[in-house]
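Since every read-out is calculated from the coordinates, none of them should be taken as a lab result. Computed from a prediction, not measured in an experiment: that's the story for all the values here. Ideal geometry is used to build each Cβ from the backbone, glycine not excepted, and the neighbour counts take in all protein chains shown.
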Amino acid sequence: MFSEQIIDLLYPETDWQKKPRTYRQNARKAYLAVVKRRRPAGKVLRRGLKQQLQYLRRNLGHIERLLEHWPEGVKLPLPSWLLHRYWVIQHVYAQQWEMYQNKSRRCDNRIVSISQPYVRPIIRGKQDKPVEFGAKLSVSLTGEGLARVDHLRWDAFHEGGDLISQVQAYRRRYGVYPEAVLGDPIYGTRANRRYLKEQGIRFAGKPLGRPRKATEANREELKRLKAQRRAEYLERIPIEGKFGQGKNGYDLNYIRAKRPDTSYAWINSIFLVMNLQILLRIFFALLKKADIAIWLPLLQVAERLMKGYQRVLCTCRVPVGGLTQPDCGILTC
């Protein structure tokens, strides 16, 4: 534990005759007795949690008494990273003790990583991974396939609240509002639909409320709208594939940075590289068209010059009786 490491570094710098007792071996045995169980009961978990909190509280008390040997403002004989860990474990202890007393499993701004205290748990509800940890992205994709990270946060948030800001960002970039928004059903809130309707933007999603009753008069229209929604839903596949491309090809799910700013730069750099791949394909496609536009007039001029010659020295194949046979010599055009 980091608290024990702090005690090991502070004790030699003091005049204490005896090192504070930490019970680190007993704490380790009590921890393993719980985590090695496949499905520990609730009482076992609660008892093990209380034991670890008591060990940690004892260590924090020793550290406070050891720190009294250094007046305020004097540099402590601890590295900066360990001081940061000391600040974090105090917050972790306060959060865990509050949840233990209230018999609760949640608290605001819960810390789940001592080395990365900015990471928050995100409940996803998946069968194999009900809780996930890491950055949560809100990404938009243009018609050319360019992805833009509109929002990157570490706490859980509702993506539907980002739609209005994404539409406004699109208008700032291109000067006009988009014709339609192809979004996940989670973006189809009443507030978002009302905003899009005011701006004259169509939301490509299933309309709210009870479905319209099919009659002979509107049967073809309903069929057309259903096919249109299906086609627009398929157009959302690239944005879902963009995350798969980032994870499989660029290790988007393996960010090893330890700070929020470096993690932010790492993630945005991955999307930058993927966008550069798209721009390179567009560049070479335009370059190929430019080559055709340059060489085609030259070929036409060369063809006219060839027609002006009466005699050409060449090697060719002359059709004879529906077949071809080689013939070399002077041809008269």
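What percent antiparallel are the DSSP beta bridges of the chain, to the nearest 5? Present the calculation step by step, with values, prior to reporting the outcome.
Details: 19 of 21 bridges.
Of the beta bridges lying entirely in the chain, close to 90 percent run antiparallel.
Please rank Met99, Met1, fewest neighbouring Cβ atoms within 10 Å first, as an exposure proxy.
Final ranking by Cβ density, sparse to dense: Met99, Met1.
Among Asn109, Asn248, Pro211, which residue has its Cα positioned farthest towards the positive end of the charge dipole of the chain, with +1 placed on the Cβ of Lys and Arg, -1 on the Cβ of Asp and Glu, and the dipole taken about the Cα centre?
Pro211
Go ahead and estimate [θ] at 222 nm for the chain from helices alone: -39,500 (n - 2.57) per DSSP H run with n ≥ 4, summed, over the residue count, rounded to 500.
-17500 deg cm²/dmol
Please list, or write none, the lysines whose alpha carbon is within less than 23 Å of the alpha carbon of Lys226, excluding same-chain residues fewer than 8 places away.
Lys197, Lys206, Lys213
Where does the longest stretch of the chain lie that holds no chymotrypsin sites (Phe, Trp or Tyr not before Pro) found in a DSSP loop with 10 or fewer other Cβ atoms within 10 Å?
Values: sites that count: Tyr254, Tyr309.
No qualifying site falls inside 1-253, the longest such stretch.
By its C-alpha gyration tensor, with a ≥ b ≥ c as the square roots of the eigenvalues, how is the range 19-164 shaped: rounded for a/c under 1.5, else prolate for a/b larger than b/c, else oblate?
oblate
Sort the range 2-102 into rounded, prolate or oblate with this rule: let a ≥ b ≥ c be the square roots of the eigenvalues of the Cα gyration tensor; rounded if a/c is under 1.5, and if a/c is not under 1.5, prolate when a/b is larger than b/c, oblate otherwise.
Details: a/c = 2.61, a/b = 1.94, b/c = 1.35.
It comes out prolate by the Cα gyration axes.
Relative to the compact-globule scaling 2.2 N^0.38 Å, provide the ratio for the alpha-carbon radius of gyration of the chain.
The value comes to 1.72.
Where Rh is the Kirkwood radius over the Cα pairs of the range 76-225, the temperature 25 °C and the viscosity 0.890 mPa s, what D in µm²/s does Stokes-Einstein return?
This corresponds to a translational diffusion coefficient of 124 µm²/s.
Past 22 Å, Cα to Cα: identify those pairs from Lys50/Lys258; Lys29/Lys258; Lys29/Lys50; Lys136/Lys247, in the order given.
Beyond 22 Å: Lys50/Lys258; Lys29/Lys258.
If one computes P(r) from the Cα atoms of the range 174-287, what percent of pairs lie at distances over 19 Å? Kindly include the intermediate steps, with their values, before the conclusion.
On the way: 4279 of 6441 pairs.
Roughly 66 percent, rounded to a whole number.
What is the magnitude of the charge dipole of the range 68-133 about its Cα centre, with +1 placed on the Cβ of each Lys and Arg, -1 on the Cβ of each Asp and Glu, and no other charges, expressed in debye to the nearest 20?
400
Hey, got a sec? Which GluC sites (Glu not before Pro) in the range 10-118 land in a DSSP loop and have at most 13 other Cβ atoms within 10 Å?
Passing sites in the range 10-118 are Glu68, Glu72.
Straight-line reach from Lys43: which aspartates and glutamates have a Cα under 20 Å away, not including same-chain ones fewer than 8 places off?
Those aspartates and glutamates meeting the cut-off are Glu98.
Mind checking the dipole of the range 121-280: about its Cα centre, +1 per Lys or Arg Cβ, -1 per Asp or Glu Cβ, Debye to the nearest 20?
540
Compute, for the chain, the length of the dipole vector about the Cα centre, with Cβ point charges of +1 (Lys, Arg) and -1 (Asp, Glu) only. Units Debye, rounded to 20.
Values: 61 positive and 30 negative charges, 375 e Å.
My answer is approximately 1800 debye.
Please state the relative contact order of the range 2-80 as a whole percent: Cα pairs under 8 Å, 6+ residues apart?
51
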